[in-house]
Amino acid sequence: MTDVTDGVLHTLFRSEQGGHEQVVLCQDRVSGLKAVIAIHSTALGPALGGTRFYPYASEEEAVADALNLARGMSYKNAMAGLDHGGGKAVIIGDPRLIKTDELLLAYGRFVASLGGRYVTACDVGTYVADMDVVARECRWTTGRSPESGGAGDSSVLTAFGVFQGMRASAQHLWGDPSLRGRRVGVAGVGKVGHHLVDHLRQDGAEVVVTDVRPEAVRRILERHPEGVTAVADTDALIRAEGLDIYAPCALGGALNDESVPVLTARIVCGAANNQLAHPGVEKDLADRAILYAPDYVVNAGGVIQVADELHGFDFERCRAKAAEIFDTTLAIFARAKDDGIPPAAAADRIAEQRMAEARAARGY
C-alpha cells in the first residue's frame, strides 16, 4: 500500500477486511498530505463519517484504523436511523506540526473526486475551522461553522447523546435514570468529555476525571470547583473504589484484557469509538456483570447533527433526535436479554438487519 502518486486515487477493494466497498489512499507531495478514505457501506445512502488527523506509526496502522472506524460508522448511522452508510478518513501526521490550509485543500479535492459517495466531518485532530477550509474544495463537507453555512461544533450533541445512553443504562440496571449521587469516571475531558461532565454535574453526579493533558484536567477543575476530582491516569480511574459508571471518552481500545478484569464500575458508557479492543471483550464484560452501552449507539449525537446539516440545520430537531438514544439504548438491552447475548452483539444484529433490508430494497 505504498505505491501512491500525486493526484491519483488508488482504490482498493478489501473484502477480506470487513466487506468494505472502497479504500482510497491519497497523497499530495506539495502539501505533504497522506490520507486514507475508507467507505464501508453505502447501502443506506452516501457514507458519512469524520476525518481523523493523527500521527500514526505507519501507513498500515492508519489503514487499519480507517477500516475499523468506517465499519463503526455504518453501524452507528444505521442505529441512529440515518439514511447514510459508513465511511471514515484519516490524515497521517501530527496536526500540530503539518496541518496547513494547503494540505486541507488537497484533502478536500480527494474527497470531492469521490462524487458524493463519502461525506466528511470533524473527528480527532480536526475542527470546525478545518472543515471550512476543506469545504472550499468539496461540497460534501459537514461540521462547518455557522458563518459558512454549517452547524458548528458537533461535540455538544455527541456528549448529550452519551448522557442519554448513560441515563438509559442506569434505568436498565438500577430502575432509575437519574445519576444523582452516582460516581462517574470520565477518561478524556476534551471536545466531548468536558460537555459530558457538564451534563453529569447538572444531574447531580459526582465525577472523577483524567486526561493525558494536564491543562485539560486543570480547565475542568476550574469549571467545576465542586463535585469533580481528578486522578493521575486511566489505570487509577478504572480501579477507583465506588465507581458506578466508567466513561471512556478518548481513543479506542479502552476495554481490553488488562482493563476489564480490574474495572470497578457496573456500567461502561462513553464517547470513544471502538472501545472494545478485540472480539470477545463484550463477553468478558458480561461475565463480570458489567453493563456495556455500545459506543457507536450512544455517541451518535454528533453524526445526527452533521447529517442534519445536509438538509438545513435545526438544532432543536437534532437535539430531539439525539434524545432518542435513550430509547434506542433501552431497546438494545431488551434485545440482548431476549436473545441471551451481550448488548454489543444485540446492537450489531439490529444494525445489520437494517442494512440488509436496505440492500434488498435497493436490489443490491
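The values are calculated or read from the model by the stated rules, or taken from the named source; none is laboratory data. Quantities reported herein were computed from a predicted structural model and do not represent experimental measurements. Glycine also receives a Cβ, built like all others from the backbone with ideal geometry; neighbour counts cover every protein chain displayed. What goes into the accessible areas is simple: the full protein's heavy atoms, side chains included, and nothing from ligands, DNA or RNA. Shrake-Rupley method; radii C 1.70, N 1.55, O 1.52, S 1.80 Å.
Of note:
- Residue check, Asp153 over 17 Å from Ala293 (Cα atoms), of a type in the set (D, E, K, R) and open to solvent by 50 Å² or more (accessible area, probe 1.4 Å): yes
- Residue within segment 45-52 that is among the β-branched types (Val, Ile, Thr) and at pLDDT 95 or above present: yes
- Tabulated pairs, segment 33-47, first among the polar types (S, T, N, Q), second open to solvent by less than 10 Å² (accessible area, probe 1.4 Å), C-beta under 6 angstrom, 6+ apart or interchain: Ser41/Ser74; Ser41/Gly85; Ser41/Gly86; Thr42/Gly85
- Options Gln164, Gln171; residue that is of a type in the set (S, T, N, Q) and either within 19 Å of Ile290 (Cβ to Cβ) or open to solvent by less than 10 Å² (accessible area, probe 1.4 Å) (or both): Gln171
- Segment 327-360: number of residues that are open to solvent by 60 Å² or more (accessible area, probe 1.4 Å), outside any helix (DSSP H, G or I) and at negative phi: 0
- Hey, Gly253 part of a loop (DSSP other than H, G, I, E, B), closer than 19 Å to Ala286 by Cβ and not charged (D, E, K, R) or not: yes
- For segment 222-256, filtered to residues that are over 22 Å from the mean Cα position of the chain (by Cα) and within 22 Å of Phe160 (Cβ to Cβ), the residue that is least open to solvent (accessible area, probe 1.4 Å) is Val228.
- Counted residues, segment 188-219 - those being of a type in the set (Gly, Ala, Ser), within 14 Å of Pro248 (Cβ to Cβ) and open to solvent by less than 10 Å² (accessible area, probe 1.4 Å): 2
- Residue count for segment 303-330, restricted to those that are of a type outside the set (Lys, Arg), more than 17 Å from Asp83 (Cβ to Cβ) and either in contact with a Pro (Cβ under 7 Å, 6 or more places away or on another chain) or in contact (Cβ under 8 Å) with a residue 40 or more places away in the chain (or both): 7
- Cβ-Cβ under 7 Å pairs, at least 6 apart or on other chains, segment 106-131 side over 15 Å from Ile39 (Cβ atoms), far side of a type in the set (A, V, I, L, M) and in a helix (DSSP H, G or I): Tyr107/Val134; Gly108/Val134; Cys122/Val128; Cys122/Met131; Asp130/Leu104
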